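Working notes, structure below.
The values are calculated or read from the model by the stated rules, or taken from the named source; none is laboratory data. Computed from a predicted structure; not experimentally measured. Note: ideal-geometry Cβ built from the backbone for every residue, glycine included; neighbour counts use all protein chains shown. These area figures cover heavy atoms from the full protein model, side chains too; ligands, DNA and RNA do not enter into them. Shrake-Rupley method; radii C 1.70, N 1.55, O 1.52, S 1.80 Å.
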Amino acid sequence: MVAPPGNGSSEVSMAAAAEAPVLWRRLLDYLPRGRPALAALFGRLSDRLSRGRERRARRSSWLLLAPLLSPTVSQLTALPCYLCPEGHKFQWIRNLVPEFGIASSHVKVLSSPTEFYELMKGQIKIAKKRVVLASLYLGTGPLEQELVDCIETTLEGSLQGRGSSSLRVSILLDFTRGSRGQKNSRTMLLPLLRKFPEQVRVSLFHTPNLRGLLRLLIPERFNETIGLQHIKVYLFDDNVILSGANLSDSYFTNRQDRYVFLQDSPEIADFFTELVDAVGDVSLQLQPDDTVKVMEGMVHPYQGDKMAYCEAANRRVMEVINSAKNRQELLHTQNVHSNQMAGEIPLSKDAKAAGDQRPEPDTWIYPLIQMKPFGIRIDEIVTETLLMEAERGASIYLTTGYFNLTQAYMDLILGTRAKYQILLASPEVNGFFGAKGVAGAIPAAYVYIEQQFFSEVCCLGQQERIKLQEYFRSGWTFHAKGLWLYLSGSSRPCLTLIGSPNFGYRSVHRDLEAQIAIVTENKALQQQFHQEQEQLYLCSGTVSASTFEQPSRYVKLWVKMVTHLIRNFF
């Protein structure tokens, strides 16, 4: 898939992976050998540049060179494991993050908000050792209260007949979003905190970028544009739900998102528990009197030194990632290599099933973390590499509730050879549709961004390769995000990305994000992901030039002007 490995260490330095040389004479050194498609791409782009086309096309062509100037792909090459059978083509991801091998039977794709909500309640009721909830915020309606009541009932049950309980509840939310209004996420959780102070922890992440005069001047709601805790992980004992959905009533009823349920996966559950704990440690701790304080010995996120805080947060989070990575590598060595190095014949699947209740893995989970304020860029690097390495004939289905791709992602989509079908929200299903004040213009701003990208596609003659589709469903809003990758000649995806990132500027640069890459060889699980994709795209229409002539797509001049100034904040 990528350049052959050299003689160096298989450990990849994040700093090295992030470097991007700018000297033209080094360009060809970073093209993976044996990849005529990339060489041809470079030739086409060079031709465009030399012909001096009109300004828009010329600017796009220059930007298309960006991925080729980066050594990221050639450095993300996994050294082969000569004691193992040939692995899947995405094993290079394990150079950056832990690799969790599980059986596909432990993975279930959910399809509706109601299924998501009912599953969470059911899982809370039977939890014995831990409930971990990470979200942007917790809503204040009756459905959210019912969720809190489930936690309270489970905690009460854990104390019956004994003086103490091993059940722990950890909740991570964003400070600014969770503190909005008189009744908010904090007031919803205070009764739990007061009743079970030894078992419940509520952490409120406050971005280090909102501080000083800026923090004093920016009003409520608008201060949320600076940076947020955006991770969505819902964990119950050894079962994990990864999603883009928040803990709010619309996400339980009529706001479409994506959800995947990983069952009986203790290593994955441990990792996300430790990740939420790490972010919680660098967050403000909610107290029973509704005040907040930092953990002892921790730098304050907005009153302390910003660089010291970010460095401490980086160390804390990377410690979790690297420790899990080392554990999984050791586990792999013990389970696979020990027998083979001793000259034993590897057990067949049937033999393993007879002596070990855990089925042999046919699916691999890679947690992708993006925390640019802390200098952590794993999700960005992996996503860019996947987009760049998608070969001719491959198909990528990409969806986002808020279409505002970073320039790097746009350049890769425009400059590579895979086919793209991008699903985005029509204005009517945008979460801000019909909002009062300035927020009411946000759907129009997204229409303007969509129109600009569509014009770029048409200008480059890529309409057949890159298609936009708008999701519409009466009475619903759209919040799904992620990616499905179909290899050339395949009718089912072998890889999907699912989690919190929207592929936009703030997902990459401002917020704390987490998603997982799921790679599977199992046809039944691939079919689950294929059906999930089809179900979402079924409620969409193809975007054409006439789409933007509709009255509902009219964008006022002031919105166009403001969008250029503020698009990096949403």
I'd like the full set of residues that are in contact with a helix residue (DSSP H, G or I) (Cβ under 6 Å, 6 or more places away or on another chain) and under 24 Å from His564 (Cβ atoms), limited to the stretch 385-407. Phe403, Asn404, Thr406
Any hit, the stretch 368-376, residues being touching a strand residue (DSSP E or B) at 6+ places or on another chain (Cβ under 8 Å), at pLDDT below 95 and farther than 23 Å from Phe261 by Cα: no
Breaking point among (1) open to solvent by less than 70 Å² (accessible area, probe 1.4 Å); (2) farther than 14 Å from Ser203 by Cα; (3) touching a residue at least 12 places away in the same chain (Cβ under 8 Å); (4) of a type in the set (A, V, I, L, M), for Leu159: (3)
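Just checking, how many residues over the stretch 123-148 are part of a helix (DSSP H, G or I), of a type outside the set (D, E, K, R) and open to solvent by less than 30 Å² (accessible area, probe 1.4 Å)?
4
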Return the residue satisfying two criteria in turn: it lies in the stretch 507-544 and is charged (D, E, K, R) and in contact (Cβ under 8 Å) with a residue 60 or more places away in the chain, and of such residues it is surrounded by the fewest Cβ atoms within 10 Å (Cβ to Cβ). Glu521
Given the criteria touching a Ser or Thr at 6+ places or on another chain (Cβ under 8 Å) and in contact (Cβ under 8 Å) with a residue 40 or more places away in the chain, does Leu262 qualify? no
Hey, can you tell me all the residues within the stretch 250-274 that are more than 25 Å from Pro361 (Cβ to Cβ) and either at pLDDT below 95 or surrounded by fewer than 20 Cβ atoms within 10 Å (Cβ to Cβ) (or both)? Ser250, Thr253, Asn254
Would you mind stating whether Ile566 is within 23 Å of Glu380 (Cα to Cα) and surrounded by fewer than 17 Cβ atoms within 10 Å (Cβ to Cβ)? yes
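When you scan the stretch 390-506 for strands (runs of 3 or more DSSP E) that lie fully inside it, which ones turn up with 2 or more residues that are surrounded by fewer than 22 Cβ atoms within 10 Å (Cβ to Cβ)?
Here the list reads 395-400, 419-425, 466-471.
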Sort through Thr187, Thr154, Thr176 and tell me the only one that's β-branched (Val, Ile, Thr) and surrounded by fewer than 16 Cβ atoms within 10 Å (Cβ to Cβ). Thr187
For residues that are open to solvent by less than 20 Å² (accessible area, probe 1.4 Å) and of a type in the set (A, V, I, L, M), tally how many sit in the stretch 275-311. 7
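Looking at Gln182, Gln199, which one is open to solvent by 30 Å² or more (accessible area, probe 1.4 Å) and either under 22 Å from Glu146 (Cα atoms) or aliphatic (A, V, I, L, M) (or both)? It would help to see each step written out before you state the result.
Working: Gln199 fails: open to solvent by 30 Å² or more (accessible area, probe 1.4 Å).
Only one candidate passes the filter, namely Gln182.
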Looking only at the stretch 552-559, decide whether some residue is open to solvent by 70 Å² or more (accessible area, probe 1.4 Å) and part of a loop (DSSP other than H, G, I, E, B). yes
Taking the stated definitions as given, is Ile93 assigned to a helix (DSSP H, G or I), open to solvent by less than 20 Å² (accessible area, probe 1.4 Å) and either in contact with a Gly (Cβ under 6 Å, 6 or more places away or on another chain) or under 30 Å from Asn326 (Cα atoms) (or both)? yes
Among the residues of the stretch 347-361, is there at least one that is at pLDDT 90 or above, closer than 19 Å to Asp264 by Cβ and either open to solvent by 30 Å² or more (accessible area, probe 1.4 Å) or of a type in the set (A, V, I, L, M) (or both)? yes
Looking only at the stretch 282-325, filter to residues that are within 27 Å of Leu193 (Cα to Cα) and hydroxyl-bearing (Ser, Thr, Tyr); which one of those is nearest to the chain's Cα centre (by Cα)? Ser283
